[in-house]
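No lab work stands behind these numbers, since they all come straight from the coordinates. The structure presented is a predicted model; accordingly, all values stated were derived computationally and were not measured. Positions of Cβ are backbone-derived with ideal geometry, glycine not excepted, and every protein chain shown enters the neighbour counts.
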There are 6 protein chains.
Amino acid sequence: MANELETQLPSVRQVQDLIKAGSEVEVKLSTTDLLVGKLRWQDNYCLCLLDHYDQPTIIWKQAIVYVKPKS
Amino acid sequence: MANELETQLPSVRQVQDLIKAGSEVEVKLSTTDLLVGKLRWQDNYCLCLLDHYDQPTIIWKQAIVYVKPKS
Amino acid sequence: MANELETQLPSVRQVQDLIKAGSEVEVKLSTTDLLVGKLRWQDNYCLCLLDHYDQPTIIWKQAIVYVKPKS
Amino acid sequence: MANELETQLPSVRQVQDLIKAGSEVEVKLSTTDLLVGKLRWQDNYCLCLLDHYDQPTIIWKQAIVYVKPKS
Amino acid sequence: MANELETQLPSVRQVQDLIKAGSEVEVKLSTTDLLVGKLRWQDNYCLCLLDHYDQPTIIWKQAIVYVKPKS
Amino acid sequence: MANELETQLPSVRQVQDLIKAGSEVEVKLSTTDLLVGKLRWQDNYCLCLLDHYDQPTIIWKQAIVYVKPKS
């Protein structure tokens, strides 16, 4: 199906790995905001990030500049 | 049809859940504006947000950075 | 045809309703500009807004953040 | 062909009209720059604007916010 | 092939002309940076610009606002 | 497959060359951030950049303005 995740792509797989690892990541956004939290899921359009209170933020991939493990 | 909502996607479903719940959300936009209100509907291009006076704002999805339940 | 307006979509229809109503709207743009006027037409790429002197502005949809009735 | 101009669209036609009229237009860009000049041609990706010295600027449509007759 | 340059388009051809001419151009970017140099090649996604030390910069077309001959 | 890298494109190949060379590059982002490091891999959506501590940053191509060898 057209909207299935392309799980053979490195970028998709690495995000999946970050979801499974449950470790903290930094997500830089086009607005220059930097969100910190744990990734819970992704689909073709969005990533879901949980903050320190386990509150979900649905981030549109179109607005993502980079994702990196929290240093 | 090409323009039907892909309701099997988590991001689409979670927005649908937020619409049904009728609770307040924060919508961060590419202009860095943060709008607060209740989601009324979505299609492939837009979300509709009702402010405190029930006035609708048609938000283009292309401009959305993130959506989260109002904290 | 590929470039016909998808008039069954809520967002397209609501913009059509705003065109027919002829009432004033606010259009927020990615540059953070806020234009005020009456919508005259839309196609898949653009909206046309008439200012107070009936001068047309062709706005690219890609630059639209939101549209709302003027409060 | 896929890359032919969709000349039945109002936005494409109105830009064609502005090219034929040879009158001055203002082009607002995503960087917030406002360019003034005469439109010479368009294709699916770009507009060409001539400044007061008849020097051409190739503007990517992706960066256009709006086009309006110079007031 | 889908990723061949659409060389019949005016915008693609004019960039090819600027490459052949080897004259200096100004490239305005979405970050508001203005790069100056000579164009060396283009494909569907990128332009390559050589600076005064002949160092290449690979510019993503998605980030281009305009290209003009250096005045 | 639709999501295979188009390795015949100059831009894709030059990024591959930069990955193989293992030399430092500068990546300018839409947020105006400038990241410095070594490229490790690319796919259609992302580039992976290693910083001086070999920490990976997954950069979305949509946010890239330019890539150049570190001067």
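Summary of values
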{"item": "Rounded to 5, percent antiparallel among DSSP beta bridges of the protein assembly as shown", "result": "100"}
{"item": "Equivalent ellipsoid semi-axes - Cα gyration tensor, chain E, angstrom", "result": "19, 14, 12"}
{"item": "Subset of B:28/C:70; E:61/F:68; A:61/B:38; C:61/F:61; D:28/D:61; A:38/B:38 violating a 18 Å alpha-carbon distance limit", "result": "B:28/C:70; A:61/B:38; C:61/F:61; A:38/B:38"}
{"item": "Stokes-Einstein D for the protein assembly as shown, Kirkwood Rh over Cα pairs, 25 °C, 0.890 mPa s (µm²/s)", "result": "107"}
{"item": "Per-residue mean of C-beta atoms belonging to partner chains within 10 Å, peptide E:9-19", "result": "4"}
{"item": "Neighbour cut-off at most 10 other Cβ (10 Å), DSSP loop, chymotrypsin sites (Phe, Trp or Tyr not before Pro), chain C", "result": "C:53"}
{"item": "Helix axis angle, A:10-21 relative to chain A longest principal axis, alpha carbon, degrees", "result": "50"}
{"item": "Loop-located GluC sites (Glu not before Pro) in chain E, at most 10 other Cβ atoms within 10 Å (DSSP)", "result": "E:4"}
